[in-house]
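A.B. asks: Please see the structure below; I have some questions.
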Amino acid sequence: MTHTNPLGQPIGAPVPGWTPPPKPGREVLAGRWVRLEPLVAETHGADLWRAFSANADGSDWTYRMQEPFRSEADLMAWLREIEAREDMLYFAYVSQETGQALGNGAFMTIAPTAGSIEVGSIMFSRAMQRTRMATEAMHLHMRWAFEAGYRRFEWTCDPLNQASMRAAARLGLSYEANFRQAYVSKGRNRDKAVFAATDQDWPGLKAAFETWLSPENFEAEAQKIALSALTSPLLAATAPEFQSARSNAFGQPIGADVPGWSPPPRPDDAVMEGQYCRLERLDPCHGPDLFEALSEDRDGRVFTYMPNGPFHDLEAYLAWLKAEAPCPDPLQFAILVEGRAVGTASFLRIDPGAGSIEVGYITFSPRLQQTTAATEAMFLMMQWAFEAGYRRYEWKCNAMNAPSRRAAERFGFSYEGIFRQAQIVKGQNRDTAWYAAIDSEWPALKAAFQTWLAPENFDPNGRQRQSLSQLTAPIPVAKGQ
């Protein structure tokens, strides 16, 4: 069913009675074959060292962020580190039969206000791989999340990790996106494939897991019905096959080397100056000009897809601005034309270690919309990011926001996918459309913007001779759906 607001703009379905679920606590999640115990280095470390040591050549660690641990002491140091983390909750996977820890994994990217949680950092020892324990461990994670009230359950992996890609589909997680150049890991490029299930999927998935895990589904150790046979009809989308020209000594496909990589600087003190506009760090002094310019949007249309606004008086706007301006992420900039602030935009999801940065939180007043200055502002931010050394430049928006999606394509971003039930904003469901450009595309994008912005591209009446969308059209590797 399509929902619209009084302005005729498409919006997400209402989510009545929504309250954020709790963060996962340090509780044991128990099943028939495995129990998930909050990880304690001193309790689980020796078992995990013995279990992981069975993989003598280290091939199980190819797609992990960590290298194989060379000693029990090294593993223990890492376990103590992750045990203490507050942004992730690690579990040891303990056999119900033997009481031994045979693997580990975590709840991560925990966002109760968005209703979203991820399972990841999964490491199964050889004794756990391809067992009922492994499948049940993932079921216990998923069951806890949905029964706690989360609306979205994520799984991410290197798309070259064929085993993880197959596991996500087998577990009933639908493919949503591939983030190009998401990280540099072990000196190599690493993309990130994203899978998810939503609370709408959960009843079918729960029934599939319960059927598969039932003792009646096994004769000795042989399954009667494969889990993939039960979950495949529930998938909204399946992943394409990802290829690599490179492989390691084990024949595993790996990403390209990124020689000489070092993280770029943060944009904290950036000032960006163009022919038509200037971007400078947002400050309360910009408030009166911004409020005056935004007030020309009398019906508040510009704020429909924003988490904030509309603001009905200067006092309310200044209160928002004073709270937002000091934030390091999102890092807000005022866009000035002829010395007056007429819009804002920000850098967010700023991750120098990954070489990734996003442009967003874009609020253009009617004075700025559909002007040369508006396009130049987006060019200046992209130029700063790539010339500072970022490898990935993101754009995301409400999937219902057709003008924003058209803008992303006009600016030469490649479509990567849609995250279902990514957030709840203003009481409404929000699916999020993702776009990105990468550093290898920047020379062509820069040339397209410079050609479009050149004075000779405009006739005496200010009409463009060549559109930016014509100039950028050959660059994206995928268009939005």
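A.B. asks: Given a Förster radius of 45 Å and the C-beta distance between Ala77 and Thr238 as r, what FRET efficiency does 1/(1 + (r/R0)^6) yield to the nearest 0.05?
C.D. replies: Numbers: r = 39 Å, r/R0 = 0.88.
With a Förster radius of 45 Å, E is 0.70.
A.B. asks: Another question, if that's okay. Hey, what did region 351-481 get for relative contact order, percent, Cα under 8 Å, at least 6 apart?
C.D. replies: Values: 180 pairs, mean separation 33.0, N = 131.
Computed value for region 351-481: 25 percent relative contact order.
A.B. asks: When the Karplus curve 6.51 cos²θ - 1.76 cosθ + 1.60 is applied with θ = phi - 60°, which whole-Hz ³J(HN,Hα) does each residue of region 77-82 get, with x for Gly and Pro?
C.D. replies: 4, 5, 4, 5, 5, 6
A.B. asks: Assuming R0 = 30 Å, what is the FRET efficiency of Glu210 and Trp61, from their Cβ-Cβ distance, to the nearest 0.05? If you can, show how the numbers build up before the last one.
C.D. replies: On the way: r = 33 Å, r/R0 = 1.09.
With R0 = 30 Å, the Cβ-Cβ based efficiency is 0.35.
A.B. asks: Further question: Calculated from the structure, percent of Cα pairs over 44 Å apart equals which of [x] 11; [y] 20; [z] 6?
C.D. replies: Label of the calculated value: [y].
A.B. asks: Here is a further query. Indicate, rounded to the nearest 5 percent, the antiparallel portion of the DSSP beta bridges found entirely in the chain.
C.D. replies: On the way: 77 of 85 bridges.
Roughly 90 percent of the beta bridges in the chain run antiparallel, per DSSP.
A.B. asks: Taking the Cα centre of the chain as the origin and placing charges on Cβ (Lys, Arg +1; Asp, Glu -1), which of Phe458, Ala73, Gly480 is farthest toward the positive end of the dipole?
C.D. replies: Highest projection toward the positive end goes to Gly480.
A.B. asks: Which pairs break 23 Å Cα to Cα here: Lys322/Lys396; Lys322/Lys426; Lys23/Lys206; Lys23/Lys192; Lys23/Lys322?
C.D. replies: Values: Lys322/Lys396 25 Å; Lys322/Lys426 21 Å; Lys23/Lys206 21 Å; Lys23/Lys192 25 Å; Lys23/Lys322 29 Å.
Where the Cα-Cα span goes over 23 Å, the pairs concerned are Lys322/Lys396; Lys23/Lys192; Lys23/Lys322.
A.B. asks: Something else: If each residue of separation counts as 0.36 nm, what is the full-extension length gain between Tyr276 and Asp439 once their alpha-carbon separation is subtracted? Intermediate results must be reported in sequence, preceding the final value.
C.D. replies: On the way: separation 163, 0.36 × 163 = 58.68 nm, distance 2.50 nm.
Contour length minus the Cα-Cα distance gives 56.2 nm.
A.B. asks: By how many nm would the segment from Asp283 to Ser228 lengthen if fully extended, with 0.36 nm per residue of separation less the alpha-carbon distance?
C.D. replies: Residue separation times 0.36 nm, minus the Cα-Cα distance, leaves 14.4 nm.
A.B. asks: Quick one: dipole size for region 204-292, taken about the Cα centre, charges +1 on Lys/Arg Cβ and -1 on Asp/Glu Cβ, in debye to the nearest 20.
C.D. replies: Numbers: 6 positive and 13 negative charges, 73 e Å.
Magnitude of the dipole: close to 360 debye.
A.B. asks: Considering only Asn429, Val359, Thr109, whose Cα is most displaced toward the positive end of the charge dipole of the chain, charges sitting on Cβ of Lys, Arg (+1) and Asp, Glu (-1)?
C.D. replies: Asn429
A.B. asks: In Å², and per residue, what accessible area does region 27-183 have when probed at 1.4 Å with the other protein chains present?
C.D. replies: Details: 6060 Å² over 157 residues.
Roughly 39 Å² per residue, with all protein chains present.
A.B. asks: Continuing with the same structure: Looking at the chain, identify the longest residue range that excludes and avoids all GluC sites (Glu not before Pro) in DSSP loops having at most 10 other Cβ atoms within 10 Å.
C.D. replies: In short, 339-481.
A.B. asks: Taking θ as phi - 60°, what are the ³J(HN,Hα) couplings along region 407-413 by the Karplus curve (6.51, -1.76, 1.60), each to the nearest whole Hz, with x for Gly and Pro?
C.D. replies: 4, 4, 5, 4, 7, x, 6
A.B. asks: May I pose another question? Among Ser174, Ser232, Gly204, which residue has its Cα positioned farthest towards the positive end of the charge dipole of region 136-236, with +1 placed on the Cβ of Lys and Arg, -1 on the Cβ of Asp and Glu, and the dipole taken about the Cα centre?
C.D. replies: The Cα lying farthest towards the positive end belongs to Ser174.
A.B. asks: List every residue whose amide H lies under 5 Å from the amide H of Ala399, counting only residues 5 or more places away in sequence or on a different chain, with H placed 1.01 Å from N in the peptide plane.
C.D. replies: Amide H to amide H, under 5 Å and 5 or more residues apart or across chains, Ala399 pairs with Asp431, Thr432, Ala433.
A.B. asks: Separate question: For the chain, calculate the relative contact order in percent as a whole number, restricting contacts to Cα pairs under 8 Å that are 6 or more residues apart.
C.D. replies: Values: 870 pairs, mean separation 58.9, N = 481.
In percent, rounded to a whole number, it is 12.
A.B. asks: Enumerate the calculated ³J(HN,Hα) couplings along region 46-57 in order (Karplus 6.51 cos²θ - 1.76 cosθ + 1.60, θ = phi - 60°), each rounded to whole Hz, writing x wherever the residue is Gly or Pro.
C.D. replies: Whole-Hz 3J(HN,Hα) from phi for region 46-57: 5, 4, 5, 4, 4, 5, 6, 5, 5, 8, 5, 8.
A.B. asks: Still on this structure: Could you state the accessible area per residue of region 361-481 in Å², with a 1.4 Å probe and every protein chain left in place? Kindly include the intermediate steps, with their values, before the conclusion.
C.D. replies: Numbers: 4910 Å² over 121 residues.
About 41 Å² of surface per residue is accessible.
A.B. asks: Can you give the relative contact order of region 303-345 as a percent, counting alpha carbon pairs under 8 Å and 6+ residues apart?
C.D. replies: Working: 22 pairs, mean separation 8.5, N = 43.
RCO, region 303-345: 20 percent.
A.B. asks: Quick one: which residues, 5 or more positions from Lys186 or on another chain, have an amide H under 5 Å from its amide H? H modelled 1.01 Å from N in the peptide plane, none for Pro or chain starts.
C.D. replies: Here nothing satisfies the definition.
A.B. asks: Of the accessible area of the chain, with the probe set at 1.4 angstrom, what percent is carbon plus sulfur?
C.D. replies: Working: 10950 of 21400 Å².
Taking all protein chains in place, the chain shows 51 percent carbon and sulfur surface.
A.B. asks: Taking the Cα centre of the chain as origin and charging only Cβ (+1 Lys, Arg; -1 Asp, Glu), how large is the dipole, in debye to the nearest 20? Mind showing how you got there, number by number?
C.D. replies: Details: 47 positive and 56 negative charges, 191 e Å.
Computed about the Cα centre, the dipole is about 920 debye.
The values are calculated or read from the model by the stated rules, or taken from the named source; none is laboratory data. Here the structure is a predicted model, which is why all the values come from computation and not from measurement. So basically every Cβ, Gly included, is an ideal-geometry build from the backbone, and we count neighbours across all protein chains shown. Note: accessible area is taken over every heavy atom of the protein model, side chains too, but ligands, DNA and RNA are not part of it. Shrake-Rupley method; radii C 1.70, N 1.55, O 1.52, S 1.80 Å.
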